[in-house]
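The values are calculated or read from the model by the stated rules, or taken from the named source; none is laboratory data. None of these values were measured; they are calculated from a predicted model. FYI the Cβ positions are ideal-geometry reconstructions off the backbone, even for glycines, and counts take in every protein chain you see. Just the protein is used for accessible areas: all its heavy atoms, side chains included, with ligands, DNA and RNA removed. Shrake-Rupley method; radii C 1.70, N 1.55, O 1.52, S 1.80 Å.
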Amino acid sequence: MNSSPRNARAGSAAGAVRVAVVGAGIAGLTLALALDRAGVRCEVFEQAEALREVGAGVQIAPNASRLLRRLVPAAQLDEVAVRPAAVEMRRWDDDRLLDRAELGTATEVRYGAPYYLMHRADLHEVLRSGFDPGRLHLASRCVRVEELPDRVLLHFQDGSVRDADLVVGADGIRSVVREALAADRPRFSGQSMYRGLVPARELPFLMDEPKVRLWFGPEQHCVCYPVSAGRWMSVGATAPAGDWNTESWTARGRTEELLHTYRGWSEQVRAVLGALSTVSRWALHDRDPLERWTSDRIAVAGDSAHPMLPFMAQGANQAIEDAVVLATCLAGTGPEDVPAALARYERVRKPRTDRIQRMSRANSRTFHLEDGDGQRERDTALGRQQARDQEWLFGHDAEEPAEVPL
Ligand SMILES: Cc1cc2nc3c(=O)[nH]c(=O)nc-3n(C[C@H](O)[C@H](O)[C@H](O)COP(=O)(O)OP(=O)(O)OC[C@H]3O[C@@H](n4cnc5c(N)ncnc54)[C@H](O)[C@@H]3O)c2cc1C
């Protein structure tokens, strides 16, 4: 299929539903694979001229890894992912252990799927390599979608127009497709996050076992974990944005300013941050849960539907869940069934992601408490973390038939 004809139709199978996906991030590519598997033909439109991902890590919990392992060869994931033994939470100034949540074999057996630590570029590449490049249209920035009674028109920056039975916005937190459903704007959290990678060999004191390390302190926290089969350490460190220019969504940060922000923190934290040769700085935004995710022929998925602060490490996981549920709802449908299929998708997905969006926002306070009574209460609660039931989050199988009621 020609990648940029004017007034062309997206998808081609006669009689079958034709889906246009806007955005080739984790949500868009996972959706494309899930639709392929469901026998639903789709075309993906991505604004970037080449696919590239930011140099940072992403945690993929069992609720999403079980789905990914059904969509791509598990060996491809296993080759690049790291399976952590645990998440360890420590105090900011003296490295005192506050909690250790086991994630090793027992967790894998319990949830039937592994916890993965991945470089975002590795995950992106695994997803991309599974999709037909002829149906992935780069340099295609969608500027508007227009819903008609029987189809949707996609207008692109170059003036071209495509149509489809249904458009899915997988175009991230600043989604253009979402504008067809709501008039809201991203909400700035007042926080920023520095992210970067360090060759693992430069941090030998972190090499005892693969794990997620978190340090909590006043107004900020730091997280680091191995990715890319253990070759790199992914590092993330939050900082109050202060008068930093939040208009620039992401920017190159400076390691010296990061070290200044983390003055007084433990030697380990400062050694990790000091090993970063380059860092990016992100202004952290989310949005309130969206009232409606769908119209008759438009839907949103991933950050386009439910951008959340990264304090539950679930944004990409929920994007993956969205993708498989939406594909399940569309399997076997014709163009006339699209409104009912989309309504079903929204009904299944929205309560879960609303909850996770709210919890992520709440953690933004809990993670950054000043030392004092509140912090001591939090640390005691963390001590009980292992007993806390994560079943609802990690044990969830988005493809269980019971999860997709008619
Ligand atoms: C600091 C930080 C740490 C995080 N850590 C984790 C974690 O550990 N675990 C986790 O699950 N999640 C994590 N997340 C969240 C996760 O990164 C996102 O939820 C996830 O990447 C969302 O994927 P997406 O495909 O919906 O959006 P995106 O990744 O933003 O992809 C959107 C795509 O759409 C394209 N696009 C945008 N507009 C248009 C347009 N108009 N036309 C065509 N194409 C367009 C973009 O170029 C991009 O390729 C983290 C987020 C941050 C900020």
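Values as computed for the structure displayed
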{"item": "Strands (runs of 3 or more DSSP E) enclosed by the stretch 59-119 - at least 1 residues per element that are touching a Phe, Trp or Tyr at 6+ places or on another chain (Cβ under 6 Å)", "result": "86-91, 116-119"}
{"item": "Among (1) surrounded by 17 or more Cβ atoms within 10 Å (Cβ to Cβ); (2) assigned by TED's automatic domain parsing to the domain that holds VAL212 - the single one GLN314 does not satisfy", "result": "(2)"}
{"item": "Restricting the stretch 263-296 to residues that are part of a loop (DSSP other than H, G, I, E, B) and in contact with a Pro (Cβ under 6 Å, 6 or more places away or on another chain), the residue that is farthest from the ligand (Cβ to nearest atom)", "result": "ASP296"}
{"item": "For ALA299: the one exception among (1) in a loop (DSSP other than H, G, I, E, B); (2) open to solvent by less than 20 Å² (accessible area, probe 1.4 Å); (3) not assigned by TED's automatic domain parsing to the domain that holds ALA101; (4) not hydroxyl-bearing (Ser, Thr, Tyr)", "result": "(1)"}
{"item": "Those residues of the stretch 121-164 which are more than 9 Å from the ligand (Cβ to nearest atom), open to solvent by 70 Å² or more (accessible area, probe 1.4 Å) and in a loop (DSSP other than H, G, I, E, B), in sequence order", "result": "PRO149, ASP150, ARG151, ASP158"}
{"item": "Hits in the stretch 201-216 - residues which are of a type outside the set (Lys, Arg), open to solvent by 10 Å² or more (accessible area, probe 1.4 Å) and over 20 Å from the mean Cα position of the chain (by Cα)", "result": "GLU202, PRO204, PHE205, MET207, ASP208, GLU209, PRO210"}
{"item": "Any hit, the stretch 371-386, residues being in contact with a Lys or Arg (Cβ under 8 Å, 6 or more places away or on another chain), within 12 Å of the ligand (Cβ to nearest atom), among the polar types (S, T, N, Q) and within 30 Å of ALA237 (Cβ to Cβ)", "result": "no"}
{"item": "Answer from GLY372, GLY332 - the residue that is small (Gly, Ala, Ser), at pLDDT below 95 and closer than 24 Å to ARG90 by Cβ", "result": "GLY372"}
{"item": "Residue in the stretch 311-329 that is nearest to LEU68 (Cα to Cα), counting only those that are in a helix (DSSP H, G or I) and touching a strand residue (DSSP E or B) at 6+ places or on another chain (Cβ under 7 Å)", "result": "ASN317"}
{"item": "From the options VAL167, VAL198, residue that is within 12 Å of the ligand (Cβ to nearest atom) and either in contact with a Gly (Cβ under 7 Å, 6 or more places away or on another chain) or open to solvent by less than 30 Å² (accessible area, probe 1.4 Å) (or both)", "result": "VAL167"}
{"item": "Residue tally, condition touching a strand residue (DSSP E or B) at 6+ places or on another chain (Cβ under 6 Å) and more than 9 Å from the ligand (Cβ to nearest atom), over the stretch 45-60", "result": "1"}
{"item": "Residues satisfying the stated conditions in the stretch 354-365, i.e. modelled with pLDDT of 90 or more and farther than 19 Å from ALA316 by Cβ", "result": "ALA362"}
{"item": "The stretch 72-94 residues that are free of Cβ contacts under 8 Å to residues at least 60 places away in the same chain, paired with ones that are open to solvent by 30 Å² or more (accessible area, probe 1.4 Å) (beta carbon under 6 Å, 6 or more apart)", "result": "VAL72/GLY130"}
